[in-house]
Structure formats: C-alpha cells, structure tokens
Amino acid sequence: MSIEVLQQLGLSPNEAKIYEALLELKEAGVGEISSQAEIHRRNVYDAINRLIDKGLIFPILTKGENLYSPVDPDKLLELVKEKETILNKALPELRHKYEQRVGPQEAYIYRGIEGFKNYMRDLLRVGEAGYFIGAKLGWFDPRLKAFREQFFKEVKRKKIKFYHIFDYEVKEKHAEEIKKLQENYRFLPKKYSTNSGVDIFGDYVVTFTGLHFKRIDDNGTLFVLRDRQLAESYKTWFQFMYDMCKK
C-alpha cells in the first residue's frame, strides 16, 4: 500500500511511513522503525502514539526495548466506516446550520451538466411539488443516466409530485419518458415553444437557457432565484397556463 493512499485516508506523512515500515518489519523497536521509515528518532515516538490511539499498531512489552507491530490493514476500512458514521451523525446539525445561513432571498447561477445536477439535488432537498413551464425532458440527457436513475428513486421515495407544461415538440416525438413523470402534464401550442424553461418548487424559481429536447447545452445557464412570494406568484401564473393548455 502506498504512502500516498495512507495519507488520503487521514494519516500524517510520518504515520503513513511508520505503518508501511511496520508492515514490512512485522515488529520492531523505535530505532529500527526510525531507520526503515527514514524518520528522525525523536519524531517517531509521537507518531507511534498517534497510531496506537488510532488502533493501527500495538506495543509488545518486553524486558528490553518496547517493540511495535501493525494490525491487519483491514482496520483501515473500519476507520473509513467510523468516519462515515461520525459524519452521518453530524449531518442533520450541519444541514440545519446551512439552511439557517441561507437567507430568505437569494440569486445565483448554475452552469452546464454539473449545474443541472445541482438543480436536481435542490429539487430533492426541498421535497415540495415541482411546476415546470416549457419542459423538454432535459433530465433525459444521456450524460445524466446514472444520476437520473437515483434521482427518480428519491422522487418516488419522497412522493414528490411534478406538474409539467411541455413544449409541443415533446408531444410530437411521442416521448415514452413522459409516463415516468406522473400524469399531471399539458402541452404548449406549437408556436410557443422555445429553448428556455422555468421551474418552480418550494421558494425557488429557476430559469433555464440552452434547453433542447432531452439535451442540455454544455454552456447552458440556470438562473436561480429564491423568494417565497415570487415563487407563489409564478405558481399562480403556472396554474393559469396549465388550465389553458391541452393534455
């Protein structure tokens, strides 16, 4: 196992060198460890104590010099899982602080495929009904395949309802994917189709450029506005359009 990998798992450079040295030596005293790991003796003691605290090495008490031996490398997997457990316990509080930090009004921009993923994450996080104007099945861009599958699983699990007003082109192409988006949809008349769109969910209004049937431009831009009153106004306008359009 390389020292770089051990450092990526959270070990300091000296800890990584000592653990790797002990894997080769099996058991050794400070002097031999210092020589094998090429670390000054006085720095070995502190690193050894930290490795003992982490459960990666253990001392062998003898009448002479104490010896040290490494534990099975599988212990490293336990460390990763322990950190994941700690993070999962802390996440609710961290999320709460993040949401408290975010003000009632915001404006920012997402771009391209990765920005589109962020928008999809926002939809899941908010967990409220979504209203989509000028929809083009952008979620079905081939580059989003794996991400989309997990997205729809979460939508189903959270029972999030979607209401779509699709561009006429979607109807023309008889997209089977519409069936996956629940039954609440209408179609714009042909002359009102564009390369843009507007989505409303919770207190968010997201305006898109660079949208096409099942495709998102690499430089497509998502203008994100967060304002509850604005979102409620857009939902009212959406309802008027929805009532006027045909299924």
**Prompt:** In angstroms, what radius of gyration and Dmax does segment 177-247 have, counting Cα atoms only?
**Reply:** 13.2, 34
**Item:** Cα centroid separation - segment 39-65 against segment 183-247, whole Å
**Value:** 62 Å
**Request:** Convert 25 °C to kelvin, take the viscosity as 0.890 mPa s, use the Kirkwood radius over C-alpha pairs of segment 104-241 as Rh, and evaluate the Stokes-Einstein diffusion coefficient in µm²/s, rounded to a whole number.
**Result:** 164 µm²/s
**Request:** Neighbouring Cβ atoms within 10 Å as the yardstick, rank VAL155, VAL30 fewest first.
**Result:** VAL30, VAL155
**Message:** Please rank HIS212, HIS96, fewest neighbouring Cβ atoms within 10 Å first, as an exposure proxy.
**Reply:** HIS96, HIS212
**Request:** Using the Kirkwood radius over Cα pairs, work out the Stokes-Einstein diffusion coefficient for segment 6-148 at 20 °C and 1.002 mPa s, in µm²/s as a whole number.
**Result:** 108 µm²/s
**Fill in**
A correct Karplus calculation of ³J(HN,Hα) over segment 191-201, with 6.51 cos²θ - 1.76 cosθ + 1.60, θ = phi - 60°, whole Hz and x for Gly and Pro, returns 6, 9, 6, 9, 9, 10, x, 9, 10, 10, 7
**Degrees between helix 13-25 axis and first principal axis of the chain (Cα, 0 to 90, nearest 10)** = 60 degrees
**Asked** Can you give the relative contact order of the chain as a percent, counting alpha carbon pairs under 8 Å and 6+ residues apart?
**Response** 17 percent
**Complete:** Subtracting the Cα-Cα distance of THR207 and GLU84 from 0.36 nm times their residue separation yields 40.7 nm
**Asked** If R0 is 30 Å, what FRET efficiency do you get for ARG42 and LYS97 from their C-beta distance, rounded to 0.05?
**Response** 0.15
**Complete:** Any lysines whose Cα falls less than 29 Å from that of LYS26, other than same-chain ones fewer than 8 residues away, would be LYS17, LYS54, LYS63, LYS75, LYS81, LYS83
**Request:** Go ahead and estimate [θ] at 222 nm for the chain from helices alone: -39,500 (n - 2.57) per DSSP H run with n ≥ 4, summed, over the residue count, rounded to 500.
**Result:** -15000 deg cm²/dmol
**Stretchable slack from ARG111 to PHE58, in nm (0.36 nm times residue separation minus alpha-carbon distance)** = 14.0 nm
**Prompt:** Given labels modelled 7 Å from the Cα in the Cβ direction, how far is it in nm from LYS26 to ALA129?
**Reply:** 7.1 nm
**Fill in**
Amide H neighbours of GLY130 at under 5 Å, excluding residues fewer than 5 places away on the same chain, with H built from the backbone geometry, are LYS161, PHE162, TYR163
**Fill in**
Which residues qualify? For ARG186, with a placed amide H closer than 5 Å and at least 5 residues away or on another chain, they are HIS164, ILE165, PHE166
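Order by neighbour count: ASP53, ASP167, fewest other Cβ atoms within 10 Å first, most last.
Ordered from fewest to most neighbouring Cβ atoms within 10 Å, ASP53, ASP167 come out as ASP53, ASP167.
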**Item:** Highest-fluctuation residue, LEU137, LEU61, LEU124 considered, GNM on the chain with Cα pairs under 10 Å
**Value:** LEU61
**Complete:** Against the 2.2 N^0.38 Å rule of thumb, the C-alpha Rg of the chain sits at a ratio of 1.56
**Message:** I want to check the label-to-label distance for PHE240 and GLU149. Put each point 7 Å from Cα in the C-beta direction and report it in nm to one decimal.
**Reply:** 4.3 nm
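Readers should treat all values here as calculations from the given coordinates under stated rules, not as data from a laboratory. Since the model is a prediction, treat every value here as computed from it, not as a measurement. All Cβ positions, glycine included, derive from the backbone under ideal geometry; neighbour counts span all protein chains shown.
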